Amino acid sequence: MTATAQSLAALIQTMPKAELHIHIEGSLEPELIFALAQRNGVSLPYADVAALRSAYAFTNLQSFLDLYYAGASVLLHEADFYDMAWAYFERAAADHVVRAELFFDPQTHTARGVPMGVVIEGLYRACQDAHTQLGISADLILCFLRHLSEDEAIETLQAALPWRDRFIGVGLDSSEVGHPPEKFARVFAQARALGLHVVAHAGEEGPPAYIWSALDVLHVERIDHGVQAIHDPALMQRLAQSRVPLTVCPLSNLKLCVFGRLEDHNLKHMLDAGLCVTINSDDPAYFGGYLNENYQQTFQALKLNAADAKTLAANSLQASFAKDADKARWLRELDACFASA
Ligand code: ADE
Ligand code: ZN
């Protein structure tokens, strides 16, 4: 399979793909932050959009999270959550995303007095409209903030149970180092007993040991990030054999200084080692690109080819929690896309 750079870029743009690692609060563009701040009478410590955007220079995960939580403070009403998610879905549709699994952080909002139902109903309604109006299959994954206690995570899961049919799984995010997956063993066991899917951020900045415990203690179905696995050959073998998917986010890793240059990213090594790697945007409003931008920049930097594009898109569709019939249909569409290339 050979393709010119131009035709490869077009293939990447048009191929059907799934986005499995997007924090919906990380899709809040500065313009929308300011519009919602005005609508809700929230004051921001930045004069304007340009001043806010110029603060987007991060040195590590924590330096980003501080700004990310501040940005989310403008979200108060159901319409705010709807508008945020709808803006993401319009961009996802333009990138030919056929399936999106959205992380959301309820504790960021309930801690400010926003009711759980306001958060979930606003996001859920946007997911439904994404399906009917844009043809995107979308579901929600509730994330626990790992810098908070497990008891608070358990309270959060309990508080969300009246909306159990409105989210499909739970995840684990926020400050990684010092907060290993095993801290959340009980709440993940409860989530699994409820029939929820389980995923966790592990090995973004944290050590390979966190990936092992996400697999063996939390029993996750996917690892979010996982790029630090490269330092542990036995773990690489485990991930290759089990094909537990990794939701890798190249532009995020670049902006948070996990890799100094995109050319140094280990995504290609992990693909070559047989891991089920996917490409995702993480927090696109903060990291300089939505899904296709992540693909395009990564393909250029790592000199990936059309076969890699098909593999990455197929991995994303197969690794999703969508219905088997939908996955089969998208995979046929993917085949057709490459057959006519
Ligand atoms: N929350 C939003 N983005 C995150 C990331 N990249 N890592 C951990 N928690 C997050
Ligand atoms: Zn993330």
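Before moving on, here are some points about what is shown:
- For the stretch 1-103, the list of trypsin sites (Lys or Arg not before Pro) that fall in a loop by DSSP and count at most 14 other C-beta atoms within 10 angstrom is empty.
- Once the chain from residue 40 to residue 152 is taken as fully extended at 0.36 nm per residue, the excess over their C-alpha distance is 37.6 nm.
- Surface share of carbon and sulfur [accessible, 1.4 angstrom probe, percent] for the chain: 53 percent
- Across the stretch 196-292, C-alpha contacts under 8 Å between residues 6 or more apart give a mean separation that, scaled by the residue count, equals a relative contact order of 24 percent.
- Length gained when the stretch residue 300-residue 49 is fully extended (0.36 nm per residue, less Cα-Cα span): 87.4 nm
- Area accessible to solvent at residue 321, 1.4 Å probe radius, in Å²: 40 Å²
- Label positions at residue 59 and residue 4, each projected 7 Å from the Cα along the C-beta direction, are separated by 4.6 nm.
- 67, 256, reordered so the largest accessible area comes first (probe 1.4 Å): 67, 256
- Within the listed set 249, 257, 127, the residue fluctuating most in the Gaussian network model of the chain (springs between alpha-carbon atoms under 10 angstrom) is 257.
- Potential lengthening between residue 112 and residue 164 on full extension [0.36 nm per residue; Cα-Cα distance subtracted]: 16.5 nm
- Here residue 182 sits with roughly 90 square angstrom of accessible surface, probe radius 1.4 Å.
- In summary, the lysines within cross-link reach of residue 310, defined as a Cα separation below 27 angstrom excluding same-chain residues under 8 places away, comprise 17, 255, 268, 323, 327.
- Loop sites in the stretch 1-61: chymotrypsin sites (Phe, Trp or Tyr not before Pro), DSSP, at most 12 other Cβ within 10 Å: none
- Over all directions, the projected convex hull of the C-alpha atoms in the stretch 3-339 averages 15.8 nm² in area.
- Value of relative contact order over the chain, rounded to a whole percent, pairs C-alpha under 8 Å and six or more apart: 21 percent
The values are calculated or read from the model by the stated rules, or taken from the named source; none is laboratory data. None of these values were measured; they are calculated from a predicted model. Don't worry about glycine lacking a Cβ; one is built from the backbone with ideal geometry, like all the others, and counts go over all protein chains shown. These area figures cover heavy atoms from the full protein model, side chains too; ligands, DNA and RNA do not enter into them. Shrake-Rupley method; radii C 1.70, N 1.55, O 1.52, S 1.80 Å.
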